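The values are calculated or read from the model by the stated rules, or taken from the named source; none is laboratory data. Keep in mind that this is a model prediction, so the values were computed, not measured. Here the Cβ is made from the backbone with ideal geometry for all residues, glycine too, and neighbour counts use every protein chain on show. Ligands, DNA and RNA are stripped out before the accessible areas are found, and what is left, the full protein with its side chains, is counted by its heavy atoms. Shrake-Rupley method; radii C 1.70, N 1.55, O 1.52, S 1.80 Å.
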Amino acid sequence: MTENNEKTALILLGCPQVPVQTSMALYLVHGLKEQGIRPVIAGTQAARKLMEVADPDWHYVSEMTDLDAAIDEITGKQRDFDLCFVFIHNDSGIAYAGTMAYISKARVYALLFGEHARDLAGEIEFPCEVVAAKAVHNPMPLKRKLDEVMQWAVSKR
């Protein structure tokens, strides 16, 4: 939580090779803000640039930072979050989620997507909420799974 007891969520974005990542990250940010949770996006330079282009006036994005800088802040006990959503489409995404489960007090959500989402889900051996869908170009399978877990938007959309 922040100094004013506002809940916070870290959204980790890796390499944006799979098209659904950016749209689902914006959708997640929107949903978190509707719930009164402050989202912070941490990502690779390419992932952050895609978010900036998708939301040029920062209607949804409130704060962005470098992925490694965010991890350094958490490791150094300078900052932490209540929730952490890690977008995963390959093994390095699983490593980032595992790192977050180890270094952060946040409740970790592993959002697995892409052709091999279900196979990758089987590799997770750390405590987290797993949300997996075979979503590459069409974000709807992952959106439906995320809606089930987060219990928002289903009644609103």
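Dipole of the range 29-157 computed with +1 at Lys/Arg Cβ and -1 at Asp/Glu Cβ about the Cα centre; of Ile103, Gly76, Ala133, farthest Cα towards the positive end is Ala133.
Could you give the accessible area per residue of the chain, probe 1.4 Å, as a whole number in Å²? Heavy-atom SASA per residue in the chain reads 51 Å². Histogrammed with a bin width of 10 Å, the alpha carbon distances of the range 74-125 distribute as 26, 51, 19, 3 percent, first bin at zero. Considering only protein heavy atoms and a 1.4 Å probe, what is the carbon-and-sulfur percentage of the accessible area of the range 8-155? Taking all protein chains in place, the range 8-155 shows 49 percent carbon and sulfur surface. Computed from point charges on the beta carbon alone (+1 for Lys and Arg, -1 for Asp and Glu), the dipole magnitude for the chain about its Cα centre is near 480 Debye. Between the amide H of Ile88 and those of Leu111, Leu112, Phe113, distances stay under 5 Å, these residues lying 5 or more places away or on another chain, with hydrogens modeled in the peptide plane. Report, by chain and number, residues whose modeled amide H sits under 5 Å from the one on Arg38, excluding near sequence neighbours (fewer than 5 apart, same chain). When sequence neighbours closer than 5 places are left aside, the close amide H contacts are Lys7, Thr8, Ala9. Within a Cβ distance under 14 Å of Ala110, other residues only, what is the Lys/Arg minus Asp/Glu net charge? With Lys, Arg at +1 and Asp, Glu at -1, the neighbours total -2. Over the chain, one equal point on each Cα, no solvent: what is log10 I(q)/I(0) by the Debye formula at q = 0.10, 0.12, 0.17 Å⁻¹? So the normalised log intensities work out to -0.31, -0.45, -0.96. The residue among Gly43, Leu142, Gly93 whose Cα reaches farthest toward the positive pole of the charge dipole of the chain, with charges on the beta-carbon of Lys, Arg, Asp and Glu, is Leu142. Local charge for Pro39 was computed over the other residues whose Cβ lies under 9 Å away, with Lys and Arg +1 and Asp and Glu -1, and equals +1. Altogether, the Stokes-Einstein calculation at 20 °C and 1.002 mPa s, with the Kirkwood radius of the range 66-157 over Cα pairs as Rh, returns a diffusion coefficient of 155 µm²/s. Give the calculated FRET efficiency between Ser23 and Glu123 to the nearest 0.05, with a Förster radius of 35 Å applied to their Cβ-Cβ distance. The computed FRET efficiency comes out at 0.90.
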